[in-house]
Each structure stands twice: as C-alpha cells, then as structure tokens.
Amino acid sequence: MKDLAQSVELGVSQRKGVNATRPKVWLKNELVRVGLAESLCTYVMMVFGLGSVAQVVTGQGAFGQYISINLGFGLGVTMGVHVGGKVSGAHMNAAVSLTMCAFGRLAWKMLPLYVFAQLLGSFLAAGTIYAVYYEAIYDYCGGNLTVTGVKATAGIFATYPAPYLSLLAGFIDQVFGTAMLLLCLMALSDQRNKPAPAGSEPVAVGLLVLLIGISLGSNSGYAINPTRDIAPRVFTAIAGWGADVFRSGNGWWWVPLVAPPIGGVLGGGLYKALVEMHHPSLSEQDDRLMEEEAAPLGKQENICANLCV
C-alpha cells in the first residue's frame, strides 16, 4: 500500500509537471521542524497582537479601541494555529506546553525546545513591531520612553497591572485566566466529548482567546502566557525603556511568568477530574449510539403498525 501511494503521488506530480522529489533544503530532523514551526507561529500571533496594541496606543483612539486589541490577539492566535498547528501543535504559550507535558500529551524533553521557540518568536515580534511603529511611538511620546504615566508606551509590548491591582489580586487574576484557557482548550480537543469540528480548531481557539480578553482582560492585560510577556519585556529593557520594565507595578514582571503555568495545570486538571476521567468506555459509547440509531426505527415501526390497523 505504501508503494502504491508513492507511485500514485509520483504519477499525479508528473502529470502536473512537478518534480516529486523533496527539495534539497527539506529538514529531516523533527526537532528542528517543530522548533521552527513553533517559533514562526508564535511570531505571527505576537506580531498581530502587539501590532494591534501599538496602533491603538499611538493612534490615541483614532485607529481602534480596547476591542481592537482583543480581536488582534484572537485573530493572531487563529493565524498562528494555521501556521504551525499540524507541525508543532501551535502552543505559542509556555503554560500550554507545560500543561500538555503534565498530562502526558507532550514529552517533557520537548518542553525546553517549545519554550525557547516561543521566547524567540515573541522577542523577534517585539523587535518587528518596534521597527514598524518606531516613528509613531516617538511621535506619540516625544522621544521619552516611559513605563508609567500619560504617555507610557512600554505597555505596547508587555503587560502591566491596573493602578488599583495588588500583586496578590494580579496573581489570582493570571491563575484564573490561564485556568479558563486550558480548561476550554482541553474541552475543544476532547474527541469523546464535544470537540471543535475538524478544520475549525484555529477559529475556535482564536475565539477562546478573544473571549478571555473581553471578559478577563482589564485587570492586567490578560498575559496568560509567560513567554508572551517576558520576551517583549526583555526587549523593551534593551531598547530604551530600561530597568523600569521590571520595577513597575511593585515588581509585577514575575507574576505573568509564574502564575500562568500554575493556572494552566489547575485548569487542565479540573477538566480532566470533572469530565474527561468519567467518560464511559468505548464499548458503552458504541452501545449507546446503537440504541440512539435504533430508536427512530422503532418509532417508525410503531407508526406503521398504527396506520395499518
């Protein structure tokens, strides 16, 4: 069967005038392919997300509002899943990768690769948006790169807490937001429950991120992602905002780094403990399906019998 499939593929390629051999630059190493895909999909997600923030901030409301940022990150996630979903799974989030490892869906040895790829993609995306919006940022703030204040611009790249938010409340906010993310991601991928229809997974995940943004985003910008936050924060420290990016918000920087992984494991564990572990066995599910299919037939027989009497 394998030889037949290869010969059919070759025949189709030859009819189309295409060389069926793989390109010379084709990467055989799976780790390299996964790492590149995860970096690229993270980059795509972050470019659209950070770009939407930059446009809203520097445009001073003329080119979008808070909902624009929610849509930017939500649709950015959708595009990211399309870019790397079939290769790396398009985690784009270290909390997601850690949770997948915790529940046996990803080998622990792959975690460093995923985290590094996500950090790289996020850092490069921050640099790209800085370059694209360089003049807009300097025009907006007058060349004074600040983390706090009326003309603060550091929030374009990393998340910062609202003035009223304490570290404890912010920590809870990030744990809860990430828990909801992973709980719903587990549900969307649960093939024995009500998963996202085949092919619609990118849109479903993007809508989930949009939903979290418009419901749980005002306290601290819903980072819910360690690599999404720390890499651009490091970039801003290098690019001119300085050490204030780590001091601001009573040393807020560690909250989106530590809280999301905890929330991810809690959310994934909650779904697994309350739903996934209690699915009936496959044989019981098959029996139930047979009963459901047979029920309409039984009703039809009763109707026929009544009509014939």
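Assorted remarks:
- Evaluating 6.51 cos²θ - 1.76 cosθ + 1.60 at θ = phi - 60° for every residue in segment 80-87, the Karplus couplings come out as x, 5, 5, 6, x, x, 7, 9 Hz, glycine and proline recorded as x.
- Mean Cβ count within 10 Å, highest first, over the residues of peptides 52-58, 40-46, 275-281: 40-46, 52-58, 275-281
- Extension reserve of the residue 266-residue 103 stretch, reckoned as 0.36 nm per residue once the Cα distance is removed: 57.6 nm
- Residue 169-residue 279 pseudo-label distance in nm [points 7 Å out on the Cα-to-Cβ vector]: 4.0
- Pairwise label distance in nanometres, residue 86 with residue 139, each label 7 Å out on the Cα-Cβ vector: 4.2
- Semi-axes of the equivalent ellipsoid of segment 115-175 are 24, 20, 6 Å, computed as sqrt(5λ) over the eigenvalues of the C-alpha gyration tensor in descending order.
- Taken about its Cα centre, segment 97-232 carries a charge dipole of roughly 380 debye when the Cβ of each Lys and Arg holds +1 and the Cβ of each Asp and Glu holds -1.
- Within segment 30-275: Cβ-based charge dipole about Cα centre, in debye rounded to nearest 20 (Lys, Arg +1; Asp, Glu -1): 480
- Evaluated over segment 30-275, the count of Lys pairs having alpha-carbon atoms less than 30 Å apart is 5 (only pairs 8 or more residues apart or interchain).
- With a cut-off of 9 Å between beta carbons, the residues surrounding residue 159 carry a summed charge of +1, where Lys and Arg count +1 and Asp and Glu -1.
- For segment 52-58, 3J(HN,Hα) per residue [Karplus equation, 6.51 cos²θ - 1.76 cosθ + 1.60, θ = phi - 60°, Hz, x = Gly/Pro]: 5, 5, 4, 5, 5, 5, 6
- Derived scalar couplings ³J(HN,Hα) [segment 64-69; Karplus, 6.51 cos²θ - 1.76 cosθ + 1.60; whole Hz; x for Gly, Pro]: x, 10, 4, 5, 5, 5
- C-alpha center-to-center spacing [segment 107-178, segment 45-63] in angstrom: 12
- The packing ranking, built from the mean of other Cβ atoms within 10 Å per residue, places the peptides 186-197, 72-83, 123-134 in the order 72-83, 123-134, 186-197, highest first.
- Most to least packed among 228-240, 103-115, 85-97 [average Cβ atoms within 10 Å]: 85-97, 228-240, 103-115
Values in this text are rule-based calculations from the coordinates and carry no lab data. Quick caveat: nothing in here was measured; it's all calculated off a predicted structure. Reconstructed Cβ throughout: ideal geometry from the backbone, glycine too, with neighbour counts over all protein chains shown.
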